[in-house]
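For reference, the structure is listed below as structure tokens.
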Amino acid sequence: MPNHAYSPMDIVAQFVEHLSMKELAAYLARGRRFAELSDRDLNRGWIAAFRVVYYRYERQVDLEDLGTEFLMRGLEPPFSAVEDKMKLFREELAGMSNEEAWATNPVFRQKLREFLAERNKPSN
């Protein structure tokens, strides 16, 4: 039975946490492939992956793995290095209807649907 006591922002926070845990588990299952990179090379790799994902979301696994490696090191990704793309993305989303925003990112939409289905399953 769905729990209606949560606000939409609570659900978004739960979804982000859910994605982070899934990404961590997947990254570890892949053998923590970026563990040997220096912090400098990790920064460079993340920036390059971000720029690729900005144009082709379906190639996000490198960005997720690099981001997870930052998390495991207790570091922040170099967001300031991609601020131009982040600003453009925010502007694009702000100008879209909800339907258009969902349609631009089918992978994200599917992940959200899976999360909500899992969240709404009855607990045994």
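Coordinate-derived values only; no laboratory data. For clarity, every value in this text was computed on a predicted model and none was experimentally measured.
Segment SER7..ARG30, full-extension length gain: 4.8 nm, with 0.36 nm per residue of separation and the alpha-carbon distance subtracted. Here the 3J(HN,Hα) profile of the stretch 114-119, calculated from phi with Karplus coefficients 6.51, -1.76 and 1.60 at θ = phi - 60°, is 4, 4, 5, 5, 5, 5 Hz, Gly and Pro shown as x. Close amide H partners of TYR6, meaning residues 5 or more places away or on another chain with modelled amide H under 5 Å apart, do not exist here. Relative to the current alpha-carbon distance between PHE79 and LYS111, full extension at 0.36 nm per residue lengthens the span by 9.2 nm. Sequentially through the stretch 41-55, phi angles give Karplus couplings (6.51, -1.76, 1.60; θ = phi - 60°) of 5, 4, 4, 4, x, 5, 4, 4, 5, 4, 5, 5, 5, 4, 9 Hz, Gly and Pro residues having no value and appearing as x. Using the Karplus relation 6.51 cos²θ - 1.76 cosθ + 1.60 with θ = phi - 60°, the per-residue 3J(HN,Hα) values for the stretch 66-74 come to 5, x, 5, 4, 4, 4, 5, 8, x Hz, with x marking Gly and Pro.
Gain on full extension, evaluated as 0.36 nm per residue between ARG90 and GLU118 minus their Cα-Cα distance, stands at 7.2 nm.
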